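**Q** Below is one structure. I have some questions about it.
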């Protein structure tokens, strides 16, 4: 069993080395053919591939940051909503246990509650429908 595993590991290492060699050879061929044809450097396929790799890694990093920001935003909105709910419950309890009546919410306060609810719903909708892993929702 161990010899089979060792053989498979050796085969994978050889395949990886072969792929590295092929990649380097193709880059060299792209560079040479571009130089022979007099193409500018930005049209060189090797340069384009390197730029594409760089863009892909930046995209992945941005997606990761967006996920973190979305999560932090959701936590903040949930915390604010929970705190607001707690305050509203305290006010109701205060009204019920004392003879004092707390005034109703002002127009500005009602708008803030509505805005908070809308932001919360929008954040939940966006986070559940938007893939942040580089895939697309568009189907051809």
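So that you can scan it fast, the table gives a plain yes or no per residue for (1) surrounded by 10 or more Cβ atoms within 10 Å (Cβ to Cβ); (2) modelled with pLDDT of 85 or more:
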| residue | (1), (2) |
| --- | --- |
| 16 | yes, yes |
| 19 | yes, yes |
| 44 | yes, no |
| 55 | yes, yes |
| 70 | yes, yes |
| 79 | yes, yes |
| 92 | yes, no |
| 101 | no, no |
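**Q** What are the residues in region 48-70 that are over 8 Å from the mean Cα position of the chain (by Cα), more than 30 Å from residue 26 (Cβ to Cβ) and in contact (Cβ under 8 Å) with a residue 24 or more places away in the chain, if any?
**A** Hit for region 48-70 is 70, nothing else.
The values are calculated or read from the model by the stated rules, or taken from the named source; none is laboratory data. Bear in mind that the values here come from a model prediction, so they are computed numbers and not experimental data. Counting neighbours? That spans all protein chains shown, and the Cβs are built from the backbone with ideal geometry, glycine included.
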